[in-house]
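Here is the structure we will look at, set down as structure tokens.
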Amino acid sequence: MEKLVIEGGRSLYGSVAISGAKNAALPLIAATLLAPGTHVLRNVPDLRDTRTILSLIGELGAVWSREGSTLFIDCSDISYCEVSYDLVKTMRASVLVLGPLLSRLGRAKVSLPGGCAIGERPINFHINGFEKLGVTCNLEHGYVEAIRGDKLKGNTIYFDFPSVTGTENLLMAAVRAEGTTILKNAAREPEIGNLIDMLVNMGADIEGRGSDQITIHGVSRLRSSETDIIPDRIETGTYLIAVAAAGGDTKLTNCEPKHLPALLGKLSEAGAEISIEQSSISIRMDPEKRDGLTGVDIKTMVYPGYPTDLQAQFMALMTLSSGICLIKETIFENRFMHVGELRRMGARIQTEGHSAVVTGCGPAGLSGARVMATDLRASSSLVVAGLAASGRTEISRIYHLERGYENLVSKLGGLGARVWKENE
């Protein structure tokens, strides 16, 4: 097993290209199951999670190949409809194959994803929606088995909470349902818009892209398509926060600034200089003036609010501020697992329930330490802290990082950071 080693205290200068979005690539890869033929997906990141879902659809009969960041996925021969626990346990987004399999084959059997370090993430939103479309769902022996009648039937489905994967799964199921399906209180994340773009390219009839009410008029057949994956807004945000923490002057290219309105506002409020172009963001934080970093409150919310996937990283930044800030987590019930590890580095953080109070210790307040990653975004908060801290930081269990950040070591190294991997 490998660990990540960071020699902190070096500012970040230069430019870094942002990869395709993991959270867009996963549902789009699942959506290829909807139609026979060869689908082309461009700008696909090479990550542990994307490799897992490719193994999963390969188990179902898909044949795929990669050329650089482009995937070619042939779904002409999909006949198997069961996904084993061995694959689902490593990535809970595997549940996204339920909708496509129900639409195309009329049946799916997928291991329940269970809980995880940051919260339960139940699939009741998915199951309730499928049942509204005429699907019979049975939960036995750790699996959900879903069987439709002759055809899926369009219906109106209301989400009690705007679930991202629930919205995506119901979208993929409803595109070939008989009649019209309306998803109310649907999630609005940019990754869902990317999925809608792909489904429309395949011949689907969908209205309401970008809104919380999506209308799907069922069609009789779909075709293979070509689609570009959008830039990863969470990777973008992580690098922006890293520069704000370590100091420097960096340009992020191949990104989408309009997907990060809340973060960009908070970084400006904290004292970073932000410059936005059509597909790039430049950030400047004078290393000599980081003692002016202002404590800023955040509250995680569904899009377009502040993203929960950037909460841990921003908390690491706030430990370096000159003030006190309040961080409220409203999406997941257990997303402060990074707090104990940040404290090991000198952070002053108090938690109670879903809130954390961070008392900034200034730019020289963190020191390197041996810490352990507990989940994907918590691990990236430790990277942010390690880049800003004095001395050596060692992060174990970095397989979490490899789920969501492509070429992290080389990208940070290109900005002047001292970072490398070692065997534990």
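A compact table of results
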read-out: Residues being part of a helix (DSSP H, G or I) and of a type outside the set (Phe, Trp, Tyr) - total across the stretch 390-424; value: 10
read-out: Residue check, Leu260 touching a helix residue (DSSP H, G or I) at 6+ places or on another chain (Cβ under 9 Å), assigned by TED's automatic domain parsing to the domain that holds Glu178 and touching a residue at least 24 places away in the same chain (Cβ under 8 Å); value: no
read-out: Search result, residues across the stretch 323-344 that are in contact with a Gly (Cβ under 7 Å, 6 or more places away or on another chain) and at pLDDT 90 or above; value: Ile324, Cys325
read-out: The stretch 152-182 - residue that is among the acidic types (Asp, Glu) and outside any helix (DSSP H, G or I) and, of those, modelled with the highest pLDDT; value: Glu178
read-out: Those residues of the stretch 215-241 which are among the basic types (Lys, Arg) and crowded, with 24+ Cβ neighbours inside 10 Å, in sequence order; value: Arg233
read-out: Out of Asp309, Asp297, sole residue that is in the same structural domain as Ser11 (by TED's automatic domain parsing), of a type in the set (Asp, Glu) and over 26 Å from Asp160 (Cα atoms); value: Asp297
read-out: Long-range neighbours under 6 Å by Cβ, at least six apart or interchain, first residue β-branched (Val, Ile, Thr) within the stretch 352-371, second in a strand (DSSP E or B); value: Val357/Leu326; Val357/Gln350; Val358/Cys325; Val358/Ile349; Thr359/Ile324; Val371/Ile395
read-out: Test: Ile298 is of a type outside the set (Asp, Glu), in contact with a helix residue (DSSP H, G or I) (Cβ under 8 Å, 6 or more places away or on another chain), touching a residue at least 24 places away in the same chain (Cβ under 8 Å) and closer than 17 Å to Gly265 by Cα; value: yes
read-out: The stretch 58-90 - residue that is crowded, with 21+ Cβ neighbours inside 10 Å and within 20 Å of the chain's Cα centre (by Cα) and, of those, nearest to Lys411 (Cα to Cα); value: Leu71
read-out: Per-region count, the stretch 154-180, residues touching a Ser or Thr at 6+ places or on another chain (Cβ under 6 Å) and of a type in the set (A, V, I, L, M); value: 2
read-out: Some residue of the stretch 74-83 being in contact with a strand residue (DSSP E or B) (Cβ under 9 Å, 6 or more places away or on another chain), over 27 Å from Arg42 (Cα atoms), not hydroxyl-bearing (Ser, Thr, Tyr) and not in a helix (DSSP H, G or I); value: yes
read-out: Pro363 being part of a loop (DSSP other than H, G, I, E, B), surrounded by fewer than 19 Cβ atoms within 10 Å (Cβ to Cβ) and of a type outside the set (A, V, I, L, M); value: no
read-out: Residue within the stretch 159-173 that is more than 24 Å from Ile234 (Cβ to Cβ) and assigned by TED's automatic domain parsing to the domain that holds Glu82 present; value: yes
read-out: Residue selected from the stretch 290-308 under the condition modelled with pLDDT under 95 and charged (D, E, K, R), by the criterion nearest to Val243 (Cα to Cα); value: Arg290
read-out: Pick from the stretch 346-359, criterion assigned to a loop (DSSP other than H, G, I, E, B) and modelled with pLDDT of 95 or more, ranking: nearest to the chain's Cα centre (by Cα); value: Ala347
read-out: Criterion violated by Asn128 - all others in (1) closer than 28 Å to Ile331 by Cβ; (2) crowded, with 22+ Cβ neighbours inside 10 Å satisfied; value: (2)
read-out: Filtered residues of the stretch 36-55 (kept if out of contact with any helix residue (DSSP H, G or I) (no Cβ under 8 Å at 6 or more places or on another chain) and part of a helix (DSSP H, G or I)); value: Arg51
read-out: Search result, residues across the stretch 183-225 that are more than 16 Å from Asn169 (Cβ to Cβ), of a type in the set (S, T, N, Q) and not in a strand (DSSP E or B); value: Asn201, Ser211, Ser220, Ser224, Ser225
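The values are calculated or read from the model by the stated rules, or taken from the named source; none is laboratory data. Predicted model, so just to flag it, every value in this text is computed and none were measured. A quick note on method: Cβ atoms are made from the backbone with ideal geometry, for glycine too, and the neighbour counts reach across all protein chains shown.
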